[in-house]
1. Among the listed residues LEU420, LEU385, LEU427, which satisfies the condition of being farther than 28 Å from PRO102 by Cα and part of a loop (DSSP other than H, G, I, E, B)?
2. For region 167-206, what are the residues that are within 16 Å of the ligand (Cβ to nearest atom), within 17 Å of ALA141 (Cα to Cα) and in contact with a helix residue (DSSP H, G or I) (Cβ under 7 Å, 6 or more places away or on another chain)?
3. I'd like to know if region 467-480 contains one or more residues that are more than 37 Å from the chain's Cα centre (by Cα), surrounded by 16 or more Cβ atoms within 10 Å (Cβ to Cβ) and in contact (Cβ under 8 Å) with a residue 24 or more places away in the chain.
4. For region 209-228, indicate whether the set of residues that are hydroxyl-bearing (Ser, Thr, Tyr) and either surrounded by fewer than 21 Cβ atoms within 10 Å (Cβ to Cβ) or within 16 Å of the ligand (Cβ to nearest atom) (or both) is non-empty.
5. Among (1) surrounded by 24 or more Cβ atoms within 10 Å (Cβ to Cβ); (2) modelled with pLDDT of 95 or more; (3) touching a strand residue (DSSP E or B) at 6+ places or on another chain (Cβ under 9 Å); (4) not in a strand (DSSP E or B), where does THR233 come up short?
6. Which ones in region 276-328 are under 17 Å from GLY242 (Cα atoms), part of a strand (DSSP E or B) and within 15 Å of the ligand (Cβ to nearest atom)?
7. Of these, GLY85, GLY94, GLY134, GLY115, which one is of a type outside the set (A, V, I, L, M, F, W, C), in contact with a strand residue (DSSP E or B) (Cβ under 6 Å, 6 or more places away or on another chain) and surrounded by 18 or more Cβ atoms within 10 Å (Cβ to Cβ)?
Amino acid sequence: MKRHSTMYKVLTCLMIFALAFSVNLAGSKNSAEAKVRTPIYKNPDLPVGLRVIDLMHQMTLDEKIGQMVQPERTSVTQDDIRNYGIGSVLSGGGSVPQQNTPQGWADMVDNFQKGAMTSRLGIPIIYGVDAVHGHNNVKDAVILPHNIGLGAANDPALMKKIGSATAEEVRATGISYTFAPCLCAPQNIRWGRTYEGYSEDPKLVGKLGTAVVKGLQGNKNSKGFLKGDKVVTSIKHFVGDGLTKNGQDQGNVTEYSDKEIQKFIKPYQKAIKAGARTVMVTYSSINGLKTHGDRHMITDVLKRDLGFTGFVISDYNGPQQIVPGDFRASMKQSINAGIDMFMIPNDWKQFLTVTKDLVQKKEVSMDRIDDAVYRILRVKFENGLFEEPYADRELVAKGVGTQEHREIAREAVRKSQVLLKNKNKVLPLKKNGQRIFVAGKKADNMGYQTGGWTISWQGGSPNWGGAPEADLTKGTTIYDGIKNAAGKNTKVDYSADGSGAAGHDVAVVVIGEPPYAEMFGDRTDLGLLQEDIDLLNKVKASGVPMVVLLQSGRPMIVTDQVKDWDAFVASWLPGTEGDGVADVLFGKYQFTGKLSYTWPRNMTQINTHDKSNPLYPIGYGLTTKGK
Ligand code: GLC
């Protein structure tokens, strides 16, 4: 890193000058005072660059390499952090403390932090978590709509509010780092992570992702940058995670030229300009080269061309995929590619030994290690971690799931709903004097409504792969919302299997996908589930007009069924605030959502990237007063 090592030398000279100056100053005072002079790196009034250099000068090679690894919370102890000088710890999806409350989280994180603060140099850890639609691991936190719904809402000011609210809930658990936002622009909705993308359009992704970074991290140049109730972001997954063939998760990008891939780098450029301080690398490959080992993409494009000065973090065991079965070769290639922080949940001790061996055998340069450590320490200093390493107990006391945050989420829900059909103005529903029939188990189940990355990695249940639980976490279901919105002489009946619709004025039928995350959501067929087709047929047989809500992580193939529906709403994965859906169903607010993805007619259109004649085009969406 030529450019960096020059800077490193300049900063070293500056630091020596500052050191000489401060010693001289201290010399003129009485010697006792000089003895207790704070080390430069612990002086918050000095420039971050100087503090980093001063600290690095005192670090051993082991301590430097220790900063570069991020074990999972279940495979590291407070003593390990102290003895190995570990730089960071993460909670993987659903990896929660015994007591899944703000207090429980803050106590757990502070316990790890104590190990760091009592290490030889007292370098704090930075603790990371996936707060990707609110602080979604934490019971009763506010769960926002997944990004596909926020793309339909397309409201940057709202995104900034969402970022701020999420940052407050993350800091309420003593954590200051989230692996979000995802800046993917999925091009094939067979991908199980489609819902993590705001849109297929990278321009819209850049606009909304930048807004949420500003909300999460605060203003880039203010003194308050990353202090107090703000968090460090990790824009992800750099780059091309949503471009793989057939939408295969962690797959290979083969259908896009370098020039076309530039379009998908643009959102990162915007978010970095807005101050994003870490970037997570994608598992996927470009033309067979794993991006985790791609020096051109990480060092030349991201660090040099985009001028990224934060740190680059690997994905969960991502580096090991470079040379399967050869840990040393994989680490060598990923370190030399320019990755700085290694998310190695379990084999972190092996990372420490292998990396030291690579440096001693000059297969990894000391300059490369210094570049990584410099970047990691800079982000920690900026984040105020050296001054405030422990949880802010006032924020912890404020807790998660506040009413203020629920209102923000409710606004996001109603703005995310997309009205795709409204025959004979069956919507809005009437607040008074109507008999409403709500059908489908998914209408009254928080597990379905929040989707993946909620309480557990796969969502739906605290136990991986468990059946979606109705009361997974605090919130209002769509059915709750309809009951809350209906006036006193409007009758609302409910049936999980759709029986009993006859005699009602209108039926609201909720269908959709079960929760899933990452590769578990990859599909070859996006037709409706048989259980939903059966539900629809049962209600259709009653002759009652049908308002169908599709609760899914992506467009699904509804071409054969939609002609039987009187109204059709894409609800996406709305999260905990079901009232927001009722807000537009009853016309308290107009529908304003617009599709941020093309809605295909059939699987052939998806598999051939044919967007020429979709069922609904990107940007489509009705209002309740018609178009
Ligand atoms: C996962 C995901 C990434 C997440 C990380 C930590 O595999 O790819 O988005 O941030 O691991 O949970």
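1. Details: LEU420 fails: part of a loop (DSSP other than H, G, I, E, B); LEU385 fails: farther than 28 Å from PRO102 by Cα.
Unique residue meeting the criteria: LEU427.
2. Result: THR173, ILE175, THR178.
3. Keep residues of region 467-480 that are more than 37 Å from the chain's Cα centre (by Cα), which gives none.
Within region 467-480, not a single residue is more than 37 Å from the chain's Cα centre (by Cα), surrounded by 16 or more Cβ atoms within 10 Å (Cβ to Cβ) and in contact (Cβ under 8 Å) with a residue 24 or more places away in the chain.
4. Here is the first cut: in region 209-228, the residues hydroxyl-bearing (Ser, Thr, Tyr) are 210, 222.
With the extra rule that they be either surrounded by fewer than 21 Cβ atoms within 10 Å (Cβ to Cβ) or within 16 Å of the ligand (Cβ to nearest atom) (or both), the set shrinks to 222.
Yes, that holds for at least one residue.
5. Here THR233 meets the rest and fails (4).
6. If the condition is that a residue be under 17 Å from GLY242 (Cα atoms), part of a strand (DSSP E or B) and within 15 Å of the ligand (Cβ to nearest atom), then VAL279, MET280, VAL281, SER285, LYS290 are the ones that fit.
7. Numbers: GLY85 fails: in contact with a strand residue (DSSP E or B) (Cβ under 6 Å, 6 or more places away or on another chain); GLY134 fails: in contact with a strand residue (DSSP E or B) (Cβ under 6 Å, 6 or more places away or on another chain); GLY115 fails: in contact with a strand residue (DSSP E or B) (Cβ under 6 Å, 6 or more places away or on another chain).
On inspection, the qualifying residue turns out to be GLY94.
Here is a yes/no grid of residues against (1) away from the ligand (no atom under 16 Å from the Cβ); (2) surrounded by fewer than 23 Cβ atoms within 10 Å (Cβ to Cβ); (3) modelled with pLDDT under 95; (4) in the same structural domain as THR353 (by TED's automatic domain parsing):
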{"residue": "THR74", "(1), (2), (3), (4)": "no, yes, no, yes"}
{"residue": "GLN99", "(1), (2), (3), (4)": "yes, yes, no, yes"}
{"residue": "TRP105", "(1), (2), (3), (4)": "no, no, no, yes"}
{"residue": "MET108", "(1), (2), (3), (4)": "yes, yes, no, yes"}
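The values are calculated or read from the model by the stated rules, or taken from the named source; none is laboratory data. Since the structure is predicted, the reported quantities are computational estimates derived from the model, not experimental observations. Glycine also receives a Cβ, built like all others from the backbone with ideal geometry; neighbour counts cover every protein chain displayed.
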